[in-house]
Amino acid sequence: MIKEQKALFIIFGGTGDLAQRKLYPSIFELYKKGYLKRNFAIIGTARRPWTNDYYREIVKDSIDGMYDSEQTAIAFSNHFYYQSHNVTDTSHYVTLRQLAEKLDGKYEIGGNRLFYLAMSPRFFGTICEHLKSQELKTTTGYNRVIVEKPFGRDFASATILNNEISQSFPEDDVFRIDHYLGKEMVQNIAAIRFGNSIFNAMWNNRYISNIQVTLSEALGVEERAGYYETAGALRDMIQNHMLQIVALLTMSAPVSFTDADIRNAKINALKCLKVYTKDEVKENFVRGQYDSGRNLPAYRQEDQTAPDSMTETFVAGKLLINTMDMAGVPIYVRTGKRLATKATRIDVVFKQVPNNVFADNDLRHDVLTITVDPEPSLRLQLNSKTIGQGYDFDTHRLNLDYKLSEEQKKSVPEAYEKLILDALKGKASNFTHWKELQYSWKFVDAIRQAWDDNVDQVVFPNYPCGEMGPDTSEKLLAKDGNHWEFTI
Ligand code: NAP
């Protein structure tokens, strides 16, 4: 049932790329669906001196093609107010508070505030401190803060950032965005695992041979090269999106489907993630950097990258989760830029039956494939009898496919839309808890440290644009007698 949400949004970074490409369209979808109707307002802040009218035009542009009538677009954008504001200037928060109080009264919001930090994380601490000291937090409603990634660049910096935020906001009010957690098929993992006896019973080391997660991008670093050069694929993708997906795939069944129980289950899974020694990193993780190919430049030739850069644009690794159910099951992860295609895909490879009674027929592993992007779908690969009769009893591979219809695809909300609605409702399970981050960073730091010490003595570049990474990625699985199910 659709219930109207009352809230005053204050978006820091209101002129930025994220706000215009993701936040305003998502908020508009919530408005069209009736989750936001009358009792809401949005204050966009940033340094440049925009007027309300100009800001509303920008908002209208960002929802271009999404509305039926000009009237709807105008009615929606009239809820937007612009306040020029430098986040480091204390006096600006006074003006912001006055505007917030005025709008709270005008729209009868009742003190509910959602602070969206859509700007560089180096400002998160000072913003949160000022929100508290300058009394932008209310006492009559909720005060929730949504923070964007990256949350630190290692365990130490993430801890400092978290300490700064937690001076002003308790953990329950901190919503750390990982937009993969808003994707339809990522959310479906829980339903598939815990809603079906066949998978519930078989989701353990007795039946699963290995799990594979691929998050491949066809694009290079584009205009993010400056940031990427200091981050790399390990920090940019493995620490957050990949480990969140791995947690959902390996956690034990939550006691109930509540925020607290789901989060506990995920935290426990990540707590059991084996942190590698340097030698183990060499054994279990490989890295790559793209070379030129298909008329595209090498990473080292991109703007803002060093000609001898050692930043990795590809990572593949084997993870082990030492819980009773998952111990011994290799979880292979792979992510990279300038790969053969853009896709996010999970393959759960089941063990073969213990005894093949069809002596002349090779049986294959059953595989459950969950495709997250670009087309949400499910596939179960099974062994089946080949149609025919007599003594020539043959088996072959059968695919059971589920794809969303065109109609269903249209109704799938964008990840940001779902996550903003969750934050409005105070539902936190699709956001990353600080404890999850702690375990994730400790795991990633160990790999980073080993690579900084060059334990693998890698030579970059080592894969051409348009392929699925360096050949060391294939070898990593081959050592265990496995192979990537997802090939191009
Ligand atoms: P962006 O386009 O560079 O926007 C930064 C915003 O911060 C601008 O509105 C800028 O406006 C404002 N700003 C900078 N310094 C300020 C100051 N001292 N006081 C007040 N405002 C200031 O960045 P973005 O791409 O939107 O990214 C924002 C955050 O989201 C980052 O943490 C990023 O990692 C994360 N993120 C972005 C995306 C994406 O698709 N863009 C995806 C995932 C995560 P003024 O210059 O007018 O002050």
Checklist entry - Taking the highest mean first, how do the peptides 454-465, 333-344 order by number of other beta carbon atoms within 10 angstrom per residue? => result 333-344, 454-465
Next on the checklist: So if each residue of separation counts as 0.36 nm, and I subtract the Cα-Cα distance between N204 and I387, what length gain in nm does that give?
Outcome noted: 62.6 nm
Checklist outcome for this item: With T = 20 °C, eta = 1.002 mPa s and Kirkwood Rh from C-alpha pairs, the Stokes-Einstein D of the stretch 99-217 in µm²/s is about 122 µm²/s
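In deg cm²/dmol and to the nearest 500, what is the mean residue ellipticity at 222 nm of the chain if only DSSP H runs of at least 4 residues count, each as -39500 (n - 2.57), divided by the residue total?
Rounded to the nearest 500, it is -10000 deg cm²/dmol.
I'd like the Kirkwood hydrodynamic radius of the stretch 134-291, using the inverse of the mean 1/r over distinct C-alpha pairs, in Å. Intermediate values should be presented prior to the final figure.
On the way: mean 1/r = 0.0538 Å⁻¹.
One over the average 1/r among Cα pairs gives 18.6 Å for the stretch 134-291.
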Checklist entry - For the stretch 264-362, rounded, prolate or oblate, judged on the Cα gyration tensor with a ≥ b ≥ c (square roots of eigenvalues), a/c < 1.5 rounded, else prolate if a/b > b/c? => result oblate
Checklist entry - What aspartates and glutamates sit close enough to K32 to cross-link, taking a C-alpha to C-alpha distance under 16 Å and skipping anything fewer than 8 places away on the same chain? => result E4, D64, D68, E70, E414, E417
Checklist entry - Which of rounded, prolate, oblate describes the stretch 385-481, given a ≥ b ≥ c as roots of the alpha-carbon gyration tensor eigenvalues and a/c under 1.5 marking rounded, otherwise prolate only if a/b is larger than b/c? => result oblate
Next on the checklist: For a quick size check, give me the Cα extents of the stretch 205-274 along its three principal axes, largest first, whole Å.
Outcome noted: 44, 30, 21
Checklist entry - Taking Rh as the Kirkwood radius computed over C-alpha pairs, what is the Stokes-Einstein D of the stretch 228-268 at 10 °C in a medium of viscosity 1.306 mPa s, expressed in µm² per second? => result 141 µm²/s
Checklist entry - If contacts are Cα pairs under 8 angstrom and at least 6 residues apart, what is the relative contact order of the stretch 71-161 in percent? => result 30 percent
Checklist entry - Pulled fully out, how much extra length does the chain show between T51 and S69, if you take 0.36 nm times their separation in residues and subtract their Cα-Cα distance? => result 4.1 nm
Checklist entry - Given charges of +1 on the Cβ of Lys and Arg and -1 on the Cβ of Asp and Glu, with all other atoms neutral, how large is the dipole of the stretch 222-286 about its Cα centre, in debye to the nearest 20? => result 280 debye
Checklist outcome for this item: Magnitude of the Cβ-charge dipole (Lys and Arg +1, Asp and Glu -1) of the chain about the Cα centre, nearest 20 debye, reported as 1060 debye
Item to check | Estimated Rh, the stretch 329-385: Kirkwood, alpha-carbon pairs, angstrom | outcome: 13.7 Å
Checklist entry - What are the principal axis extents of the Cα atoms in the stretch 6-111, in Å, biggest first? => result 41, 30, 20
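Dividing the convex hull volume of the Cα atoms of the stretch 1-50 by its residue count, what figure in Å³ per residue is obtained?
Looking at the stretch 1-50, the number lands at 77 Å³ per residue.
From the Cα gyration tensor of the stretch 308-443, with a ≥ b ≥ c the square roots of its eigenvalues, which class applies: rounded if a/c is under 1.5, or else prolate if a/b is larger than b/c, or else oblate?
Working: a/c = 2.07, a/b = 1.56, b/c = 1.32.
Prolate shape, in that a/c is at least 1.5 and a/b is the bigger ratio.
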Next on the checklist: Quick check: the distance between the Cα centres of the stretch 130-176 and the stretch 453-488, to the nearest angstrom?
Outcome noted: 39 Å
Next on the checklist: Please report the spacing between the Cα centers of the stretch 178-246 and the stretch 362-417 in Å, no decimals.
Outcome noted: 19 Å
Checklist entry - Using a simple spin-label model with points 7 Å from Cα along the Cα→Cβ vector, what separation in nm is obtained for D456 and V275? => result 2.0 nm
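How high is the relative contact order of the stretch 353-488, in percent, with contacts defined as C-alpha pairs under 8 Å that are six or more residues apart?
12 percent
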Checklist outcome for this item: In whole Å, largest first, the alpha carbons of the stretch 224-320 cover along the principal axes 52, 30, 24
Checklist entry - Any idea what diffusion coefficient the chain gets from Stokes-Einstein, in µm²/s, Kirkwood Rh on alpha carbon pairs, 25 °C, 0.890 mPa s? => result 101 µm²/s
Item to check | Above-threshold pairs, the threshold being 25 Å between Cα atoms, out of K33/K342; K337/K435; K266/K410; K274/K425; K33/K337; K22/K410 | outcome: K33/K342; K337/K435; K266/K410; K274/K425; K33/K337
Checklist entry - Say the dipole of the stretch 1-104 comes from +1 at the beta carbon of Lys and Arg and -1 at that of Asp and Glu; which of G14, I2, L36 then lies farthest toward its positive end? => result I2
Item to check | Beta bridges per DSSP with both ends in the chain, % antiparallel, nearest 5 | outcome: 55 percent
Checklist outcome for this item: Computed on Cα atoms only, the convex hull of the stretch 268-314 has an orientation-averaged projected area in nm² of 5.4 nm²
Checklist entry - With point charges of +1 on the Cβ of Lys and Arg and -1 on the Cβ of Asp and Glu, referenced to the Cα centre of the chain, which listed residue (G105, H396, P461) lies farthest in the positive direction of the dipole? => result G105
Checklist outcome for this item: Note on the chain: contact order normalised by length, alpha-carbon pairs under 8 Å, 6 or more apart, percent, works out to 17 percent
Item to check | Simple spin-label estimate for D394 and T258 in nanometres, 7 Å along Cα-Cβ | outcome: 5.6 nm
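Read-outs: derived from the displayed coordinates by stated rules, not from any lab. No experiment lies behind these values; they were computed from the predicted model shown. Quick reminder, even Gly has a Cβ in these numbers, built from the backbone with ideal geometry, and neighbours come from all protein chains shown.
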